[in-house]
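Remarks on the structure that follows.
The values are calculated or read from the model by the stated rules, or taken from the named source; none is laboratory data. None of the values given here were measured: they were computed from a predicted structure. Quick reminder, even Gly has a Cβ in these numbers, built from the backbone with ideal geometry, and neighbours come from all protein chains shown. Only protein heavy atoms, including side chains, enter the accessible area calculation; ligands, DNA and RNA are left aside. Shrake-Rupley method; radii C 1.70, N 1.55, O 1.52, S 1.80 Å.
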Amino acid sequence: MTETADLTATAALAQIRAGRLSAATLMDACLDRIAQREDTIRAFAWIDPAQARRAAAAGQGGSLAGLPIGVKDVIDAADMPAQYGSPAWAGHRPRADAACVAAARAAGAVVIGKTVTTEFATRHPGPTANPANPRHTPGGSSSGSAAGVAAGFFPLAFGTQTAGSIVRPAAYCGVVGFKPSYGTLHRAGMKVMSESLDTIGVMARSLGDCALAMAAMTGGDYGAPEAAAPRAPRLALVMGPSADQAAPETLALMDRAAEACRRAGATVTPVTLPEVFTAAYAAHPTVMNAESAEALGWELAHARAQISAVLQERMDWGRAQGAAALAEARAAFAAARGAFPAAIEGFDAVLTPAAPGEAPEGLGWTGDPAFNTLWTLLHGPCVTVPAGAGPRGLPLGVQLAGRIGDDAAVLGWAAWVRAALG
């Protein structure tokens, strides 16, 4: 029998609504699990168990009634510190909830705590370890959110993605990570780094959980991903401009996934994207770092000594690119977005790797976003589908991506692929 702390959000909510589980009991189960494993996993930047219990006991109705949610610590919560992964912001306490946190609370979710992020959701890692093997990274920058969902600390969490910070850590930890279409969840109250790229999304244990959370917070229709599909999908198998970075386990996984989908009735067609996508992929570092350097104007001027050496170097590089290079890089993004619908015409979604391979060993590096940056800059939805384990026993995932606005469809086809993979 599944332990209470490991329930999916949809299963826990069904039990709460049926009167078989209370929000307080669910919170207690999560806090018990945290007490058992947090010393090893270190998913939290801040947590107060007594505060979490009070919030759960005071619970309210709503479509997320009583579900604990972790909040990545680049997103503000009014009653909790926000350090943004940086000593430059030590002791900071925001006055208000970020827009997405306010939406989650309005839907009845209970914020359990703030989860570890890399420094300003960029490079320098935090202390979080992978629950599957604590000697390995959980990925980043949504490290604590991915690890916490995987460890049973909370069934839902917020992540953010600028390069691959939702999809990749979800793959490394064996959970579902959903980056919706750009701008779906409002960024007010988030420590924004890249204006063109930063996107708030969710992490959970099922595709249905992601649909539940997104619908509750936006009022949009995200469908019922795990319901029977009317037909098998037409999938474009895309390795993309980073194909040469795929580890052997990822190449084997993509072959296995494609064959499993074909056996289940899908059409899976290898597709090579035109050069316009390679150009956009190459432009990603310029946009991300130049815009992030703008975002950190105050910190670079007044708290430079508290910024890691690796981030200082990247921010100096970003500033040095100049306005013309940034404009050219943004134009490359726009050209790729314009070309994308035609590039996958006739297909329902793209099937592509979620990460180069298994989670790297050690906590000093969160892994390479090579298989994520293209889908982030295209602004459409993308989602991790857990897909077994690699040769070292660590989780693997595949990624489904789609056109801007096709969020519900991508979640549905991702659930179809997960079922096909068994």
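Tabulated values for the structure
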quantity: Looking only at the range 23-70, and only at residues there that are open to solvent by less than 20 Å² (accessible area, probe 1.4 Å), within 21 Å of Gly159 (Cβ to Cβ) and not hydrophobic (A, V, I, L, M, F, W, C), the one that is nearest to the chain's Cα centre (by Cα); calculated: Gly70
quantity: Which numbered condition Val417 fails, given (1) part of a loop (DSSP other than H, G, I, E, B); (2) touching a helix residue (DSSP H, G or I) at 6+ places or on another chain (Cβ under 8 Å); (3) at negative phi; calculated: (1)
quantity: Condition check for Gly367: touching a Pro at 6+ places or on another chain (Cβ under 7 Å) and either open to solvent by less than 30 Å² (accessible area, probe 1.4 Å) or on the phi > 0 side of the Ramachandran plot (or both); calculated: yes
quantity: Condition check for Arg20: among the basic types (Lys, Arg) and surrounded by fewer than 20 Cβ atoms within 10 Å (Cβ to Cβ); calculated: yes
quantity: Positions within the range 27-50 being in a helix (DSSP H, G or I) and either under 14 Å from Ala129 (Cα atoms) or in contact with a helix residue (DSSP H, G or I) (Cβ under 6 Å, 6 or more places away or on another chain) (or both), in sequence order; calculated: Met27, Ala29, Cys30, Leu31, Arg33, Ile34, Arg37, Glu38, Asp39, Thr40, Ile41, Pro49
quantity: Some residue of the range 75-82 being open to solvent by 40 Å² or more (accessible area, probe 1.4 Å), acidic (Asp, Glu) and at pLDDT below 95; calculated: yes
quantity: Any hit, the range 382-397, residues being part of a loop (DSSP other than H, G, I, E, B), modelled with pLDDT of 95 or more and within 24 Å of Thr199 (Cα to Cα); calculated: no
quantity: Among residues of the range 228-255, those that are touching a residue at least 60 places away in the same chain (Cβ under 8 Å) and open to solvent by 20 Å² or more (accessible area, probe 1.4 Å), counted; calculated: 11
quantity: Among the candidates Gly201, Gly159, Gly164, Gly220, residue that is in a loop (DSSP other than H, G, I, E, B), modelled with pLDDT of 95 or more and closer than 19 Å to Ala121 by Cα; calculated: Gly164
quantity: Tally of residues being open to solvent by 10 Å² or more (accessible area, probe 1.4 Å) and either under 15 Å from Ala109 (Cα atoms) or touching a His at 6+ places or on another chain (Cβ under 8 Å) (or both) across the range 184-217; calculated: 4
quantity: Any hit, the range 264-287, residues being assigned to a loop (DSSP other than H, G, I, E, B), over 18 Å from Phe371 (Cα atoms), open to solvent by 40 Å² or more (accessible area, probe 1.4 Å) and small (Gly, Ala, Ser); calculated: yes
quantity: The one condition in (1) surrounded by fewer than 19 Cβ atoms within 10 Å (Cβ to Cβ); (2) more than 30 Å from His186 (Cβ to Cβ); (3) of a type outside the set (Val, Ile, Thr) that Gly220 fails to fulfil; calculated: (2)
quantity: Residues satisfying the stated conditions in the range 303-323, i.e. crowded, with 18+ Cβ neighbours inside 10 Å and either modelled with pLDDT under 95 or more than 19 Å from Pro125 (Cβ to Cβ) (or both); calculated: Gly318
